[in-house]
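Engineer: Questions regarding the structure given below will be posed in turn.
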Amino acid sequence: MASGTAIAEQVSSVREFNRFYTSRLGLLRKRHLNGEFSLTEARILYEIGAHPQITASTLCTRLGLDPGYISRLPASFIRRKLIRQFAGRTDGREKPLALTTAGEESVAHLNAQSDAQILGILAGLRDNERDNLVAALVQAHRILAAPASQEIRIVRLSAAPCEALEIVEEYYEAVHVVQRDDAEALRALLAEPASGMWLAYIGEQVAGCVVLRRLNSIPRAGECKRLFVKPAARGRGIATLLLDALEEHARSRQLDWIYLDTYDDLKEAITLYERRGYERCERYNDNPQATLFMRKNLRGSTP
């Protein structure tokens, strides 16, 4: 543990940097990038655009904002025709949010302005300075987002504890799933050797989950279901670790293919799947919510 003097110097250094970059990026201005939105408003619009169907409560968790403050902003955005609300499928109090066409145009303009601002900063640096700056920022992000004291563990379940049922229910609410498995269906799935469920833990807290279900309709195939990481735990590679565990188990059980369904609005998830080698395919199930179907060949064979 550092001495009191060393800690005080470290605190002073971090605060000095905070004062510098808030001024350098113009974060103290009343309007972000000299536009029509405050920094908070711009960030909320960005989050709604990046995560269509997000709810106000999820925004609060993701951004660490006061629920009362968040509740007022959507009403303002709706009046300005920047976002729209949808009726919640399971809870009338939770109304998913999405950008309107005008909102999408505003976010695109904000992104272009922000890119231009950062490009202007980087353009004034030499190549090695840019590399060093970006590497330092990536390192700072990694350290702050993933404290070494909180180990990430991926655990395959042999039973269905309450925490497994709770995070699956959280997933259902977050994505507004219509076709849901009950506790008995989950227990039956865990008893199937080629199926399974994995939980991700940060320390002792459940942070994410994924389910593998054997597909009886397709030879040597399984289905990836319920991939979910809690908002506060995102950005730490947990979804990748969960998929690693699922695919390794599928190979050990002589499955050649992993199928999955999703819908077009889940852009971050689709990008993750594509990066891991999942390709788009024809519909293979009757899920009424799914609009996109993908599969990955684990062994290079054909189904």
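Engineer: Would you say Ala50 is surrounded by fewer than 16 Cβ atoms within 10 Å (Cβ to Cβ), among the hydrophobic types (A, V, I, L, M, F, W, C) and under 30 Å from Thr262 (Cβ atoms)?
Structural biologist: Yes: the conditions hold for Ala50.
Engineer: Can you go through Leu242, Leu227 and tell me which one is assigned to a helix (DSSP H, G or I), at negative phi and touching a residue at least 12 places away in the same chain (Cβ under 8 Å)?
Structural biologist: Only one candidate passes the filter, namely Leu242.
Engineer: Glu268 is checked against (1) within 18 Å of the chain's Cα centre (by Cα); (2) of a type in the set (Asp, Glu); (3) farther than 29 Å from His51 by Cβ and fails just one. What number does that condition carry?
Structural biologist: Result: Glu268 fails condition (3) only.
This table checks each residue for (1) surrounded by 13 or more Cβ atoms within 10 Å (Cβ to Cβ); (2) out of contact with any Gly (no Cβ under 8 Å at 6 or more places or on another chain); (3) touching a residue at least 24 places away in the same chain (Cβ under 8 Å).
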residue	(1), (2), (3)
Arg220	yes, yes, yes
Ile238	yes, no, yes
Ser252	no, yes, no
Tyr263	yes, yes, yes
Tyr273	yes, yes, no
Arg280	no, yes, no
Leu292	yes, yes, yes
Lys296	yes, no, yes
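Engineer: Quick one: which residue in Ala200, Ala164 is in contact with a helix residue (DSSP H, G or I) (Cβ under 6 Å, 6 or more places away or on another chain) and surrounded by 13 or more Cβ atoms within 10 Å (Cβ to Cβ)?
Structural biologist: On the way: Ala164 fails: in contact with a helix residue (DSSP H, G or I) (Cβ under 6 Å, 6 or more places away or on another chain).
Result: Ala200 is the single residue among Ala200, Ala164 that is in contact with a helix residue (DSSP H, G or I) (Cβ under 6 Å, 6 or more places away or on another chain) and surrounded by 13 or more Cβ atoms within 10 Å (Cβ to Cβ).
Engineer: Still on this structure, I have one more. Within the stretch 279-295, can you find the residues that are among the β-branched types (Val, Ile, Thr) and not in a loop (DSSP other than H, G, I, E, B)?
Structural biologist: Answer for the stretch 279-295, where residues must be among the β-branched types (Val, Ile, Thr) and not in a loop (DSSP other than H, G, I, E, B): there is none.
Engineer: Take Arg84 and tell me if it is closer than 22 Å to Ala174 by Cβ, basic (Lys, Arg), touching a residue at least 12 places away in the same chain (Cβ under 8 Å) and part of a helix (DSSP H, G or I).
Structural biologist: Values: closer than 22 Å to Ala174 by Cβ: yes; basic (Lys, Arg): yes; touching a residue at least 12 places away in the same chain (Cβ under 8 Å): yes; part of a helix (DSSP H, G or I): no.
The answer is no for Arg84.
Engineer: Ok, one more. Does at least one position in the stretch 25-35 carry a residue that is closer than 30 Å to Ala140 by Cβ, within 24 Å of the chain's Cα centre (by Cα) and not β-branched (Val, Ile, Thr)?
Structural biologist: no
Engineer: Tell me yes or no: at least one residue of the stretch 200-209 is aliphatic (A, V, I, L, M), assigned by TED's automatic domain parsing to the domain that holds Gln289 and assigned to a loop (DSSP other than H, G, I, E, B).
Structural biologist: Within the stretch 200-209, not a single residue is aliphatic (A, V, I, L, M), assigned by TED's automatic domain parsing to the domain that holds Gln289 and assigned to a loop (DSSP other than H, G, I, E, B).
Engineer: Going through Asp131, Asp115 one at a time, which residue ends up being surrounded by fewer than 13 Cβ atoms within 10 Å (Cβ to Cβ), part of a helix (DSSP H, G or I) and over 26 Å from the mean Cα position of the chain (by Cα)?
Structural biologist: Asp131
Engineer: Inside the stretch 158-216, can you point out the residues that are without any contact (Cβ under 8 Å) to a residue 12 or more places away in the chain and either touching a Pro at 6+ places or on another chain (Cβ under 9 Å) or among the aliphatic types (A, V, I, L, M) (or both)?
Structural biologist: Within the stretch 158-216, Ala185, Ala188, Ala191 meet the criteria.
Engineer: Further, regarding this structure: Working carefully through the options Val211, Val178, find the one that is over 15 Å from the mean Cα position of the chain (by Cα), at pLDDT below 95 and β-branched (Val, Ile, Thr). Reasoning before the result, please.
Structural biologist: Details: Val211 fails: at pLDDT below 95.
Criteria check complete, one pass: Val178.
Engineer: Next up: Which ones in the stretch 103-135 are closer than 13 Å to Tyr46 by Cα and out of contact with any helix residue (DSSP H, G or I) (no Cβ under 6 Å at 6 or more places or on another chain)?
Structural biologist: Gly103, Glu104, Glu105, Ser106, Ala108, His109, Asn111, Ala112, Ser114
The values are calculated or read from the model by the stated rules, or taken from the named source; none is laboratory data. Model, not experiment: these values are computed from the prediction. Glycine gets a Cβ as well: all are built from the backbone with ideal geometry, and neighbour counts include every protein chain shown.
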